[in-house]
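The values are calculated or read from the model by the stated rules, or taken from the named source; none is laboratory data. Source: prediction; values computed, not measured. Don't worry about glycine lacking a Cβ; one is built from the backbone with ideal geometry, like all the others, and counts go over all protein chains shown. Surface areas here come from the heavy atoms of the whole protein model, side chains and all, with no ligands, DNA or RNA. Shrake-Rupley method; radii C 1.70, N 1.55, O 1.52, S 1.80 Å.
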Amino acid sequence: MQTKLWLLNKEKNLDEQLKEAAELIKKGELVAFPTETVYGLGADGLNSDACRGIFAAKGRPADNPLILHIAKLEEIYPLSTNLSASAKRMMEVFWPGPLTMIVNKSELIPQVVTAGLETVAIRFPSNPVANRLIALSGCPIAAPSANKSGRPSPTTAGDVLADMEGVIAGVIDGGTCDIGVESTIVDTTVPVPTILRPGGITREMLEDALGAVEIDPGLIKKGQIPKAPGMKYRHYAPQAEMYLIEGPEASQQIKNFVELAVGKGLHIGVLADKKTISLLPADDRIISHNWGSTKAELAEKLYIYLRRFDREKVDLIVGEGTTEADLGLAIMNRMRKSAGHNILWAEKGKLVKQSGKTPDFFPENLLK
Ligand code: AMP
Ligand code: MG
């Protein structure tokens with residue numbers, strides 16, 4: 001299949017430029033499009049065959065339900081039943097925006113969308129391209145991230161093509177996504193609204209609007225299964241093995257780690273704070289990407305850097321942790337998954353294994 005690419009021109013009428021893509025969605029084809037979080041792989045959310053196509057294109061496990069995207073607030077009503085007070089409040093405060101709500105589903109929703117669950121995930125995105133595409137298609141659009149399952153989510157049209165060229169009908173190029181990590185998912189069907197996936201709308205923002213908010217214990221505790229089926233899978237993974245160093249002395253320990261790796265002749269990718277990068281020796285086997293000065297900047301660039309390390313063909317990657325306040329919760333959730341939970345803790349002059357594995361080249365006596 002030849003994948004079409006529509007490069008949007010801000011000077012031209014948006015609806016005219018989206019017409020062909022919307023027609024393809026109506027016909028049951030798959031079209032990737034930008035949202036404020038990441039690029040989505042869209043299909044008519046009420047067409048079971050089209051939705052099955054999403055699972056096939058991504059290689060997505062069938063038990064991982066899809067999010068339906070709407071273009072107006074009121075479009076949630078025919079898709080849901082018994083909206084809770086917290087759901088109504090969240091719609092008012094956070095929509096349109098990077099918040100997905102889990103609500104009780106209506107009869108309209110195909111089985112394949114919810115993977116058999118009684119609830120459905122719904123989001124009203126703020127990106128104008130996403131909004132007009134949904135409106136012109138005349139249906140809710142089911143859209144997971146437009147990557148092959150397990151890979152980092154795409155935040156540019158080029159990253160979508162890297163995974164989906166020849167597999168889907170088209171890609172709408174609307175530039176780089178602003179937020180860079182996926183939407184926050186909140187279960188609104190339980191007495192206390194519960195975060196199932198941290199994202200662009202932070203826990204602090206939700207607490208300001210709603211009062212008490214919980215975090216799914218499956219996100220934090222080992223051995224507990226997350227409530228969002230997709231959160232149990234390895235995800236956002238770059239090709240090279242990745243390690244995350246967290247803790248108060250992460251900078252110094254990253255320096256040691258990098259020097260050991262380079263000493264073994266490895267090419268290493270480093271994703272860290274500017275201060276940490278300034279400690280590293282000048283060596284062309286070290287490719288470092290600076291976090292940026294705010295958490296928002298790190299979130300926006302995270303997947304871009306992970307995908308860049310793939311193209312740069314590094315042998316391994318080391319990332320520096322950040323605090324879990326605000327956007328840090330979403331960033332750390334994604335980074336830990338990217339690293340396959342290979343996490344080391346740096347404190348009191350020591351590096352201690354927290355979970356996962358340690359690199360072969362690392363002398364065991366340094367891990368105390
Ligand atoms: P993606 O579309 O790739 O951003 O992933 C969507 C996420 O939403 C996955 O982690 C799904 O498991 C989760 N999800 C979708 N529908 C539901 C639902 N009804 N209940 C819980 N989680 C859901
Ligand atoms: Mg995804």
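What trypsin sites (Lys or Arg not before Pro) does segment 115-160 have in DSSP loop regions with at most 11 other beta carbons within 10 Å?
Details: sites: ARG123, ARG132, LYS148; in loops: LYS148.
Of the trypsin sites (Lys or Arg not before Pro), not one in the loops of segment 115-160 has a Cβ with at most 11 other Cβ atoms within 10 Å.
About its Cα centre, what dipole magnitude does the chain give when the only charges are +1 on Lys and Arg Cβ and -1 on Asp and Glu Cβ, stated in debye to the nearest 20? Don't skip to the answer; put the middle values down first.
Details: 43 positive and 45 negative charges, 152 e Å.
Value, rounded to 20: 720 debye.
DSSP beta bridges in the chain, what fraction antiparallel, as a percent rounded to 5?
That works out to approximately 40 percent antiparallel.
Would you calculate a helix-derived [θ] at 222 nm for the chain, using -39,500 (n - 2.57) for each DSSP H run of n ≥ 4 and dividing by the full residue count, to the nearest 500?
Numbers: 12 runs with 117 residues, N = 368.
Only helices count here, giving -9000 deg cm²/dmol.
Can you grab the distance from the C-alpha centre of segment 204-234 to the C-alpha centre of segment 1-60, Å, no decimals?
Spelled out, the Cα-based centre of one part sits 30 Å from the other.
State, to one decimal in nm, how far the label point of ALA212 lies from the label point of MET1, with both points 7 Å from Cα in the Cβ direction.
4.7 nm
Restricting everything to alpha-carbon atoms, can you work out Rg to Rh for segment 233-312 with a Kirkwood hydrodynamic radius? List each step's numbers first, then the result.
Numbers: Rg = 12.5 Å, Rh = 13.3 Å.
Radius of gyration relative to Kirkwood radius: 0.94.
Would you mind counting up the charge near LEU46? Only other residues with Cβ under 15 Å from its Cβ, with Lys and Arg at +1 and Asp and Glu at -1. Don't jump to the answer; show the numbers that get you there.
Values: positive: LYS26, LYS27, ARG52, LYS105; negative: GLU29, ASP44, ASP49, GLU75, GLU107.
Local charge sum for LEU46: -1.
If THR184, THR323 are ordered by their accessible area, calculated over protein heavy atoms with a 1.4 Å probe, which sequence runs from highest to lowest? Can you show the working numbers first?
Numbers: THR184 0, THR323 90 Å².
Largest to smallest exposure gives the sequence THR323, THR184.
Expressed as a rounded percentage, what relative contact order does the chain have, with Cα pairs under 8 Å and six or more residues apart? Present the calculation step by step, with values, prior to reporting the outcome.
Details: 823 pairs, mean separation 65.7, N = 368.
This gives 18 percent for the chain.
Once you have the Cα-Cα distance between GLN252 and LYS274, take 0.36 nm times their residue separation minus that, and quote the gain in nm to one decimal.
Details: separation 22, 0.36 × 22 = 7.92 nm, distance 1.27 nm.
Gain on stretching GLN252 to LYS274: 6.6 nm.
Pulled fully out, how much extra length does the chain show between THR176 and GLU118, if you take 0.36 nm times their separation in residues and subtract their Cα-Cα distance?
Details: separation 58, 0.36 × 58 = 20.88 nm, distance 3.45 nm.
So the chain would gain 17.4 nm between THR176 and GLU118.
Under the Kirkwood approximation for Rh and a Cα-based Rg, what ratio Rg/Rh is obtained for the chain?
Numbers: Rg = 20.9 Å, Rh = 21.2 Å.
Rg divided by Rh gives 0.99.
If you keep only loop residues by DSSP, which trypsin sites (Lys or Arg not before Pro) in segment 307-348 have at most 16 other Cβ atoms within 10 Å of their Cβ?
Working: sites: ARG307, ARG308, ARG311, LYS313, ARG334, ARG336, LYS337, LYS348; in loops: LYS313, LYS348.
Those satisfying the criteria are LYS313, LYS348.
Calculate the FRET efficiency for ASP326 and SER355 from the Cβ-Cβ distance with a Förster distance of 30 Å, rounded to the nearest 0.05.
Working: r = 24 Å, r/R0 = 0.80.
It comes out at approximately 0.80.
Give, rounded to the nearest 20 debye, the magnitude of the charge dipole that segment 1-90 has about its Cα centre when Lys and Arg contribute +1 at Cβ and Asp and Glu contribute -1 at Cβ. Each step should come with its number before you reach the end.
Working: 12 positive and 12 negative charges, 38 e Å.
It comes to approximately 180 debye.
Please list, or write none, the lysines whose alpha carbon is within less than 21 Å of the alpha carbon of LYS12, excluding same-chain residues fewer than 8 places away.
Candidates past the 8-residue exclusion: LYS4.
Within segment 232-353, what percent of beta bridges assigned by DSSP are antiparallel, to the nearest 5? All intermediate terms of the calculation are to be shown ahead of the outcome.
Values: 4 of 21 bridges.
Here the share of antiparallel DSSP bridges comes out near 20 percent.
Within segment 39-138, what percent of beta bridges assigned by DSSP are antiparallel, to the nearest 5? Each step should come with its number before you reach the end.
Values: 7 of 10 bridges.
Antiparallel: roughly 70 percent of the beta bridges in segment 39-138.
Note the count of lysine pairs whose C-alpha atoms are less than 15 angstrom apart in segment 237-368, limited to pairs 8 or more residues apart or on different chains.
Close lysine pairs found across segment 237-368: 11.
Quick one: how many Å² of HIS69 are accessible to a 1.4 Å probe, rounded to 10?
Estimated to the nearest 10 Å², HIS69 gives 10 Å².
Roughly how many Å² of TRP6 are accessible to a 1.4 Å probe, to the nearest 10?
In the full protein context, TRP6 sits at about 30 Å².
Mind listing the Cα extents of segment 133-292 along all three principal axes, in Å, largest one first?
56, 44, 29
Say a paramagnetic label sat at a point 7 Å from the Cα of GLU347, along Cα to Cβ; which residues of segment 227-251 have their backbone N under 13 Å from it?
Counting backbone N atoms under 13 Å from the label point, the list is 246-250.
So what's the angle, to the nearest 10 degrees on a 0 to 90 scale, between helix 48-58 and the longest Cα principal axis of the chain?
Roughly 20 degrees between the two axes.
Multiply the residue separation of ASP15 and LYS148 by 0.36 nm, subtract the distance between their alpha-carbon atoms, and state the gained length in nm to one decimal.
Numbers: separation 133, 0.36 × 133 = 47.88 nm, distance 2.86 nm.
Going from the current span to full extension adds 45.0 nm.
So how do LEU24, LEU7, LEU46 rank on accessible area, 1.4 Å probe, biggest first, that is with the largest at the start?
Details: LEU24 35, LEU7 125, LEU46 70 Å².
If we order LEU24, LEU7, LEU46 from most to least accessible, we get LEU7, LEU46, LEU24.
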